[in-house]
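*Asks:* First, the structure itself, so that you have it in front of you.
The values are calculated or read from the model by the stated rules, or taken from the named source; none is laboratory data. Because the structure is predicted, anything quoted here is derived from the model rather than measured. Counting neighbours? That spans all protein chains shown, and the Cβs are built from the backbone with ideal geometry, glycine included.
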Amino acid sequence: MKAMVLAAGRGARLRPLSDACPKPLLPFGGQPLLAHVLVLLARHGFDDVMVNLHHLPEAIQAALGDGSRWGVRLAYSFEPQLLGTAGAVRAVAAWIGGQPLLVYYGDNLTNFDLTELVAAHRAGRCLATVGLLRMDEPTTRGIVGLDASGRLDRWLEKPGQAEVFADYLVNAGTYMLEPRILAPIPPRRPSDFAAEIFPALLAAGVPLRGHRMRGQLLSTDTPARYAAARRQVEAGAFTLPGGNPT
């Protein structure tokens, strides 16, 4: 199966840590974050992986190589101009071909059950299935609502406190997509799934499904969140996909 890991961001909110190290290479348990992501993907059958690059691309390529160390085949898509989450996927349309695609945000460390996400996507027969999780700090994240059938009925990016609703779930940055989703993504310009594509599809009445992920997510997008994530790993409160070092 194919997966695309989004790893091109500059990590502006993570500075100064991201000045010399791209945020997907931040260390956890003696390994870069992306190494743990590749272990997770391989464990759940994603053996053909695309990584998009922009900030410090040579560092990521040097760390990951061809992916064989983790049991995957790696390809790279360099973006001279950042294309956003959706634009990055649109740029590798030829590589995707006619297969469903997992999209994974490369600055998230998770131990998600991706096999369950694949099964839910196949059963739901929708254009997209969005991984969801209950997390704190909803005003700094994208939040969604689900109807009784499991379809998305609301999507708010970084809502104001008054907009947060009681049963919100957070966009976990993990999607299963049908290749037909490429059609509404404009070519050759930046676009974003959460801020643009998914809300537009919902407004047009296109059914999208949500799936509550089994597992944990650690964010690394600010120095404080990265430090908190490392503490959880070191304390054994988060199990790395390949197991925590002893």
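*Asks:* Quick check, is Ala75 on the phi < 0 side of the Ramachandran plot, assigned to a helix (DSSP H, G or I) and either surrounded by fewer than 20 Cβ atoms within 10 Å (Cβ to Cβ) or in contact (Cβ under 8 Å) with a residue 60 or more places away in the chain (or both)? Walk me through it before giving the result.
*Replies:* Numbers: on the phi < 0 side of the Ramachandran plot: yes; assigned to a helix (DSSP H, G or I): no; either surrounded by fewer than 20 Cβ atoms within 10 Å (Cβ to Cβ) or in contact (Cβ under 8 Å) with a residue 60 or more places away in the chain (or both): yes.
Against the criterion (on the phi < 0 side of the Ramachandran plot, assigned to a helix (DSSP H, G or I) and either surrounded by fewer than 20 Cβ atoms within 10 Å (Cβ to Cβ) or in contact (Cβ under 8 Å) with a residue 60 or more places away in the chain (or both)), Ala75 does not qualify.
*Asks:* Here's another thing I want to ask about it. Just to verify a result, which residue in the range 12-52, among those that are of a type in the set (Lys, Arg) and outside any loop (DSSP other than H, G, I, E, B), is modelled with the lowest pLDDT?
*Replies:* First, pick out the residues of the range 12-52 that are of a type in the set (Lys, Arg): 13, 15, 23, 43.
The next check asks that each one be outside any loop (DSSP other than H, G, I, E, B); those that pass are 13, 23, 43.
Working: Arg13: 67, Lys23: 83, Arg43: 97.
Ranking the candidates gives Arg13 first.
*Asks:* Filter the range 215-226 down to residues that are of a type outside the set (Asp, Glu) and modelled with pLDDT under 90 and give me whichever is surrounded by the fewest Cβ atoms within 10 Å (Cβ to Cβ).
*Replies:* Initial filter on the range 215-226 (of a type outside the set (Asp, Glu)): 215-220, 222-226.
Subsequent filtering for residues that are modelled with pLDDT under 90 retains 219-220, 222-226.
Details: Ser219: 20, Thr220: 24, Thr222: 16, Pro223: 14, Ala224: 11, Arg225: 17, Tyr226: 24.
Within the range 215-226, the match that is surrounded by the fewest Cβ atoms within 10 Å (Cβ to Cβ) is Ala224.
*Asks:* Going residue by residue through the range 53-67, is there one that turns out to be touching a His at 6+ places or on another chain (Cβ under 7 Å) and part of a strand (DSSP E or B)? If you could, list the steps in order and put the result at the bottom.
*Replies:* The first filter runs over the range 53-67 and keeps only residues touching a His at 6+ places or on another chain (Cβ under 7 Å), leaving none.
There is no residue in the range 53-67 that is touching a His at 6+ places or on another chain (Cβ under 7 Å) and part of a strand (DSSP E or B).
*Asks:* For the range 200-224, how many residues meet the condition of being touching a Phe, Trp or Tyr at 6+ places or on another chain (Cβ under 9 Å) and over 24 Å from Gly98 (Cα atoms)?
*Replies:* 8
*Asks:* Still on this structure, please answer the following. From the list Gly124, Gly65, Gly71, which one is touching a helix residue (DSSP H, G or I) at 6+ places or on another chain (Cβ under 9 Å) and farther than 27 Å from Ala235 by Cα?
*Replies:* Details: Gly124 fails: touching a helix residue (DSSP H, G or I) at 6+ places or on another chain (Cβ under 9 Å); Gly65 fails: touching a helix residue (DSSP H, G or I) at 6+ places or on another chain (Cβ under 9 Å).
Every option except Gly71 fails the conditions.
*Asks:* Of all strands (runs of 3 or more DSSP E) completely enclosed by the range 83-157, which ones contain at least 3 residues that are modelled with pLDDT of 95 or more and of a type in the set (A, V, I, L, M, F, W, C)?
*Replies:* Values: elements: 101-105, 108-110, 128-133, 142-146, 152-157.
Here the list reads 101-105, 128-133.
*Asks:* Given the conditions (1) β-branched (Val, Ile, Thr); (2) over 24 Å from Ala123 (Cβ atoms); (3) modelled with pLDDT under 95; (4) within 20 Å of the chain's Cα centre (by Cα), report the number of the one that Val164 does not fulfil.
*Replies:* Among (1) β-branched (Val, Ile, Thr); (2) over 24 Å from Ala123 (Cβ atoms); (3) modelled with pLDDT under 95; (4) within 20 Å of the chain's Cα centre (by Cα), the lone unmet condition for Val164 is (4).
*Asks:* Continuing with the same structure: For residues that are surrounded by 18 or more Cβ atoms within 10 Å (Cβ to Cβ) and among the hydroxyl-bearing types (Ser, Thr, Tyr), scanning just the range 78-121, find the one that is farthest from Leu182 (Cα to Cα).
*Replies:* Among residues in the range 78-121 that are surrounded by 18 or more Cβ atoms within 10 Å (Cβ to Cβ) and among the hydroxyl-bearing types (Ser, Thr, Tyr), the one farthest from Leu182 (Cα to Cα) is Thr110.
*Asks:* Also, I was wondering about something else. Here are some conditions: (1) surrounded by 15 or more Cβ atoms within 10 Å (Cβ to Cβ); (2) in a loop (DSSP other than H, G, I, E, B); (3) at pLDDT 90 or above. Gly9 meets all but one. Which one does it not meet?
*Replies:* Gly9 satisfies every listed condition except (3).
*Asks:* Follow-up. Report the residue count in the range 158-178 for those that are in contact with a strand residue (DSSP E or B) (Cβ under 8 Å, 6 or more places away or on another chain), surrounded by fewer than 16 Cβ atoms within 10 Å (Cβ to Cβ) and assigned to a loop (DSSP other than H, G, I, E, B).
*Replies:* So the answer is 4.
*Asks:* Right, here's the next one. Can you tell me which residues in the range 152-194 are among the basic types (Lys, Arg), closer than 27 Å to Val5 by Cβ and touching a helix residue (DSSP H, G or I) at 6+ places or on another chain (Cβ under 9 Å)? Don't jump to the end; show me each part of the working.
*Replies:* Taking the range 152-194 first, the residues among the basic types (Lys, Arg) are 154, 158, 180, 188-189.
The next check asks that each one be closer than 27 Å to Val5 by Cβ; those that pass are 158, 180, 188-189.
Across the range 152-194, the qualifying residues are Lys158, Arg188, Arg189.
*Asks:* How many residues does the range 80-113 contain that are acidic (Asp, Glu) and more than 13 Å from Gly9 (Cβ to Cβ)?
*Replies:* Pass one, the range 80-113, residues acidic (Asp, Glu): 107, 113.
From the residues that got through so far, the ones that are more than 13 Å from Gly9 (Cβ to Cβ) too are 113.
Selection size over the range 80-113: 1.
*Asks:* The conditions are (1) among the hydroxyl-bearing types (Ser, Thr, Tyr); (2) over 26 Å from Cys21 (Cβ atoms); (3) exposed (fewer than 15 other Cβ atoms within 10 Å of the Cβ), and Thr129 fails exactly one of them. Which is it?
*Replies:* Status for Thr129: all satisfied but (3).
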